[in-house]
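Below: the structure, in structure tokens.
The values are calculated or read from the model by the stated rules, or taken from the named source; none is laboratory data. All figures in this text were calculated on a predicted structure; none of them were measured in a lab. For neighbour counting, all protein chains shown are included, and Cβ atoms are generated from backbone atoms with ideal geometry for every residue, glycine included.
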Amino acid sequence: MQCRVVVVIVTPCCCDDTTESPMIVVVGMECLLTASFVHTLCVSGQKPAAVIVADRTRGTFDRVPHRLPIMVQDGRVDDTAHRFDIPLYRVCDWRTVPDTFLMQFHTIVVACYPTLLPAQRFAQLGIRAWNVHPAPLPAVRGPDPLFYTARGDAPATITIHELDATYDTGAIIAASAVPLPSGCTELQSIRIHATHAAQLYADVASSVQVGVPQQPATDTCWAAFPTSDAYTLQPDWPMERTLRFVALTNARRHAYWVPKTRQWVRTIDPAGTVQVQCADGVFRASL
């Protein structure tokens, strides 16, 4: 998955003594992480009031009619919205989203969005805006953090932080380690991260304290979209780390570079012709 994970949850301002739960708007993309996040919110009693997804082909802010799918597909935002009867909107330019629409809500949560969102505008409208980031902060900022945690550069983590004017730099609301089972694939990892993010959001949404900690300016790296060099299977890695990296990036269908043999391999294969050297052993892979 190569996308920035931003979950924007928008909930209506609680200016009176109403006991109703704040409405939630999830802002994301048509991707597995956004769909799984919305699904988990719904089944846990935190159903969003609306979902907004990025659409670079659309010039205006529009509600999308629910379609009747030939077959409901797991991991599609439009199918998830239809299943739970959630209004779905698509947007390219946030300047086309009316203030009157946004002011219905109290909180915005972003889950996988490709561009910066107008955090200052949300603040001026009195809307709380949070981002759900699938990596520890400030250690791993950027659009593809799951690749770098898969590679073992940082532990699998969900961080919820305030949305601000730059990527992944807002004050941290909460963070929690994400346990990934042995043999977990990339698609399974995305679902687990999304589920964990929704559960963490539910835990902290009603108990946020004033004065959340600001992120330090140091000890950070930028999780850019990986180049081919990033898919190198380093010979000094333990075998467990190497096998985990391959499993957690397998949905990308990118080959892996083996320095010792100077070959690209695609799959782990006991009958493969390429030996992959690790710090504590060797395994075989196929071209």
Based on what the data block shows, is Thr107 under 25 Å from Gln46 (Cα atoms) and not assigned by TED's automatic domain parsing to the domain that holds Phe245?
yes
If you check Leu163 against the conditions, is it of a type in the set (A, V, I, L, M), surrounded by fewer than 17 Cβ atoms within 10 Å (Cβ to Cβ) and touching a residue at least 60 places away in the same chain (Cβ under 8 Å)?
no
Tell me whether segment 206-213 contains one or more residues that are modelled with pLDDT under 95, surrounded by 12 or more Cβ atoms within 10 Å (Cβ to Cβ) and in a loop (DSSP other than H, G, I, E, B).
yes
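For segment 267-278, how many residues meet the condition of being touching a Ser or Thr at 6+ places or on another chain (Cβ under 9 Å) and over 18 Å from Gln234 (Cβ atoms)? Walk me through it before giving the result.
Step one: filter segment 267-278 for residues touching a Ser or Thr at 6+ places or on another chain (Cβ under 9 Å), giving 267-269, 271-278.
Still in the running and over 18 Å from Gln234 (Cβ atoms): 267, 269, 271-273.
The qualifying residues number 5.
Assess whether Pro143 counts as being within 20 Å of Gly28 (Cβ to Cβ), buried (at least 17 other Cβ atoms within 10 Å of the Cβ), in the same structural domain as Thr96 (by TED's automatic domain parsing) and touching a residue at least 40 places away in the same chain (Cβ under 8 Å).
Numbers: within 20 Å of Gly28 (Cβ to Cβ): yes; buried (at least 17 other Cβ atoms within 10 Å of the Cβ): yes; in the same structural domain as Thr96 (by TED's automatic domain parsing): yes; touching a residue at least 40 places away in the same chain (Cβ under 8 Å): yes.
The answer is yes for Pro143.
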Leu200 more than 30 Å from Val282 (Cα to Cα) and not hydroxyl-bearing (Ser, Thr, Tyr)
yes
Please go through segment 80-108 and give me each residue that is outside any helix (DSSP H, G or I) and closer than 23 Å to Tyr201 by Cα, ordered by number.
Phe84, Asp85, Ile86, Pro87, Leu88, Tyr89, Met103, Gln104, Phe105, His106, Thr107, Ile108
Where in segment 214-287 are the strands (runs of 3 or more DSSP E), entirely inside, with at least 3 residues that are loosely packed, with under 14 Cβ neighbours inside 10 Å?
281-286
All conditions in (1) modelled with pLDDT of 95 or more; (2) closer than 24 Å to Leu187 by Cα are true of Thr261 except (2)
Out of segment 247-265, which residues are of a type in the set (Val, Ile, Thr) and touching a residue at least 60 places away in the same chain (Cβ under 8 Å)?
Thr249
